[in-house]
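Structure first, then comments.
The values are calculated or read from the model by the stated rules, or taken from the named source; none is laboratory data. Worth saying up front: this structure is predicted, and the values here are computed from it rather than measured. Positions of Cβ are backbone-derived with ideal geometry, glycine not excepted, and every protein chain shown enters the neighbour counts. Heads up: the accessible areas ignore ligands, DNA and RNA and are worked out on the full protein's heavy atoms, side chains in. Shrake-Rupley method; radii C 1.70, N 1.55, O 1.52, S 1.80 Å.
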Amino acid sequence: MLIEDIENKDRFLFIFEWLMAIMSRYLCPMPFGLVHIDHGDKNELGNAYGAKEAAEQLVTMTSHLKKTFRNTDLVARIGSDFWIIVPYTPATEKVQDKVRNIIQDSEHGGLKAVVQNASIFSFPSDDKELNQKLRELSGTEFLAHLKKHRDTLSSQMLALD
């Protein structure tokens, strides 16, 4: 399962960077939502559950998210962060409700987390500075930028309890 997570991450970054290139090159309105789920710090998860249990939890959550989202949505885990590309669906209440329900269902299924927050980003963005970053940064750097500035850049924030 860990190998599958690595392959999913690589495929996710390849497709995300392709979307970034298309959006910056053509400035086309190709709407999609990008969901970020902060599943807690790896060290916090390791301390709370032990390294092996924490790794199993992250792999299980990846599998759960992939099964729950549509086949056209792309789910990847990067560290203890989950990223989901939701193409052709602007970040709406529907996406927000879906993320909340998925996390609540996963907790009933025995999955655990130290902290869970979700941010939903909408693309294309009206933010000129963000569009500039889209052209300048790699996919990994752009995701790190979104994570760092999620309070100001996301269209919706969810505290998942």
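Of all residues in the stretch 29-54, those that are closer than 18 Å to GLN156 by Cβ have Cβ atoms under 8 Å from Cβ atoms of residues that are basic (Lys, Arg), 6 or more apart or on another chain, in HIS36/LYS147; HIS36/ARG150; ASP38/LYS147. Please work out if ALA76 is at pLDDT 80 or above and either surrounded by 14 or more Cβ atoms within 10 Å (Cβ to Cβ) or not basic (Lys, Arg) (or both). So ALA76 fits the description; yes.
When you look at MET23, is it part of a helix (DSSP H, G or I), of a type in the set (A, V, I, L, M), modelled with pLDDT under 90 and open to solvent by less than 80 Å² (accessible area, probe 1.4 Å), yes or no? It is true that MET23 is part of a helix (DSSP H, G or I), of a type in the set (A, V, I, L, M), modelled with pLDDT under 90 and open to solvent by less than 80 Å² (accessible area, probe 1.4 Å).
The combined condition, being in a helix (DSSP H, G or I), closer than 20 Å to LEU143 by Cα, modelled with pLDDT of 85 or more and open to solvent by 30 Å² or more (accessible area, probe 1.4 Å), is not fulfilled by LYS52. From the list THR72, THR62, the lone residue that is assigned to a helix (DSSP H, G or I), under 19 Å from VAL99 (Cα atoms), touching a strand residue (DSSP E or B) at 6+ places or on another chain (Cβ under 7 Å) and among the β-branched types (Val, Ile, Thr) is THR62. Selection within the stretch 89-115: residues that are under 15 Å from the mean Cα position of the chain (by Cα) and modelled with pLDDT under 70. The member of this set that is nearest to LEU74 (Cα to Cα) is THR89.
Between ILE78, ILE84, the distinction of being over 21 Å from PRO124 (Cα atoms), in contact (Cβ under 8 Å) with a residue 12 or more places away in the chain and under 11 Å from the mean Cα position of the chain (by Cα) belongs to ILE78 only.
Summed over the stretch 122-152, residues that are surrounded by 14 or more Cβ atoms within 10 Å (Cβ to Cβ) and under 24 Å from GLU44 (Cβ atoms) total 7.
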